[in-house]
1. Kindly indicate the residue of the range 47-92 that is of a type in the set (Phe, Trp, Tyr) and crowded, with 22+ Cβ neighbours inside 10 Å and also farthest from the ligand (Cβ to nearest atom) among those meeting that condition.
2. Do we find that Ala233 is out of contact with any Phe, Trp or Tyr (no Cβ under 7 Å at 6 or more places or on another chain), more than 14 Å from the ligand (Cβ to nearest atom) and modelled with pLDDT of 95 or more in this structure?
3. Tell me yes or no: at least one residue of the range 281-293 is farther than 19 Å from Pro44 by Cβ, touching a Lys or Arg at 6+ places or on another chain (Cβ under 6 Å) and assigned to a strand (DSSP E or B).
4. Can you go through Leu270, Leu262, Leu311 and tell me which one is touching a residue at least 12 places away in the same chain (Cβ under 8 Å), open to solvent by less than 60 Å² (accessible area, probe 1.4 Å) and away from the ligand (no atom under 16 Å from the Cβ)?
5. Of all residues in the range 153-183, which are within 12 Å of the ligand (Cβ to nearest atom), touching a helix residue (DSSP H, G or I) at 6+ places or on another chain (Cβ under 9 Å) and either in a helix (DSSP H, G or I) or at pLDDT below 95 (or both)?
6. Take the residues in the range 184-205 that are touching a residue at least 12 places away in the same chain (Cβ under 8 Å) and among the basic types (Lys, Arg); name whichever of them is farthest from the ligand (Cβ to nearest atom).
7. Assess whether His181 counts as being under 17 Å from Phe144 (Cα atoms) and either surrounded by 20 or more Cβ atoms within 10 Å (Cβ to Cβ) or not assigned by TED's automatic domain parsing to the domain that holds Lys258 (or both).
8. Return the residue satisfying two criteria in turn: it lies in the range 361-406 and is touching a Ser or Thr at 6+ places or on another chain (Cβ under 7 Å) and of a type in the set (Val, Ile, Thr), and of such residues it is surrounded by the most Cβ atoms within 10 Å (Cβ to Cβ).
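The values are calculated or read from the model by the stated rules, or taken from the named source; none is laboratory data. Owing to the predicted nature of the structure, the values given are computational and were not obtained by experimental measurement. Cβ sites come from the backbone with ideal geometry, for glycine too, and all protein chains shown count toward neighbours. Quick note on the areas: whole protein, heavy atoms, side chains included, nothing else; ligands and nucleic acids left out. Shrake-Rupley method; radii C 1.70, N 1.55, O 1.52, S 1.80 Å.
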Amino acid sequence: MIELNDKQVKEIIEQYGNAVYIFNQDEFEENYKELESTFQKVYPNYHICYSYKTNYTPAICKCVKDLNGYAEVVSDMEYRLALKIGYIPQRIIFNGPVKGEYLEKHLLEGGINNIDRVEEANLICEIAKRNPNHIIKTGIRVNFDIDAGYTSRFGIDIHEIDEIIKTLTDANVIINGIHCHMSRARGIEPWKLRAKTMLSLVNKFHLDNIDYISLGSGMFGKMDPELKKQFPADAPTYEEYANEVIKPFADYYKDKEKQPLLFTEPGTTLISKYVDFLGKVIGIKKIRGNEFVLLNCSFQNLGETCQMKNLPIKRYEYGIKKTTVLNARFVGYTCLEQDVLYKGYSGDISIGDYILFGNIGGYSLVDKPPFIMPDCPMIAIKSENIKLIKRRETFEDIFNVFEFEE
Ligand SMILES: Cc1ncc(COP(=O)(O)O)c(C=O)c1O
């Protein structure tokens, strides 16, 4: 969580209002460099490819670009954003099950693409046929079991890879990479299995000439102690991932002529810890022995983690009339019973206090529906300078897309 002193918090409230997203750019950059250098020490051709869907705030995407990162996008909308940020197709990985018209442009300009399904492979063969003067290259997202307790719907079943390779090569499409991504399996064992399976595919299908291997993401990132203690104690560090997951690639390619680019595609891993949300306490009530603290924000501002765990919090004591609550729930402004921001708070609290919630960078503002209220502004803090990076949404932002009867 970002360390803010009273002067900074009061300045934020005064300038940007009483509910604000805060991007901690200094520590984001530090964390980015640490992840990159830890993996590059083991495999120098490793690169970070930032997952846009997790948090596509343009200022964050630009920050990744300035750090020399690639962009991972999963729709035409995200693709256009990467272009607007200044990316060239060769630095964009196009993933996802439903790509639009930008796929063709991307392939013709030599961008990185991972096929998710057979229909996409067929479409790429047609694009190659229509453009005989272009060399068309694509990667394949491979789906295999890593014992995560569910069957992922993404990518091509590992048992059907040979067929896809044949379809593509018959149409003169070059296979230049392989990709995988599995969620809900952040531990070291499933990650070791990813590395092992990807290398066995390289071997089995004689893919020694490919340009890249992308391992997706789904790693543990850094966490504040209050959040970390709610996860398994053996959550790997970057160093451990490097030694167990990246090292097998270094060993395999040690004596090979070509060492492909090796990517991971961190989203939450990279951003979650470096966005906080500042909200205000506006009500306290007790119903049949249950205590509720009402804030001026909602669970939809705080991202996916707040629905599974208690986020790290810090209270700024700006209220005057102190109350002591026991096992209280912090609740939000929506009319949904599930709008719970924090469970089991015991201690002092006042109307007028501010609560800073940490670790809200993933699937928060990008996943915030225009439900009940427009969204709050976002600021970035770098070297103690504060900059607005997303203005407050307005009534017009929400209702301009609807038709109004005269
Ligand atoms: C293909 C792909 N890459 C990367 C990510 C980001 O993963 P994480 O947020 O766990 O770092 C996702 C998230 O679902 C994904 O689907």
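1. Tyr79
2. On the way: out of contact with any Phe, Trp or Tyr (no Cβ under 7 Å at 6 or more places or on another chain): yes; more than 14 Å from the ligand (Cβ to nearest atom): yes; modelled with pLDDT of 95 or more: no.
No.
3. Checked against the condition, which is being farther than 19 Å from Pro44 by Cβ, touching a Lys or Arg at 6+ places or on another chain (Cβ under 6 Å) and assigned to a strand (DSSP E or B), the range 281-293 yields at least one hit.
4. None of the others qualify; the one that does is Leu311.
5. Met182, the sole residue that qualifies.
6. Only one residue fits best here, namely Lys196.
7. Considered against the rule, which asks whether it is under 17 Å from Phe144 (Cα atoms) and either surrounded by 20 or more Cβ atoms within 10 Å (Cβ to Cβ) or not assigned by TED's automatic domain parsing to the domain that holds Lys258 (or both), His181 comes out as yes.
8. The selected residue is Ile389.
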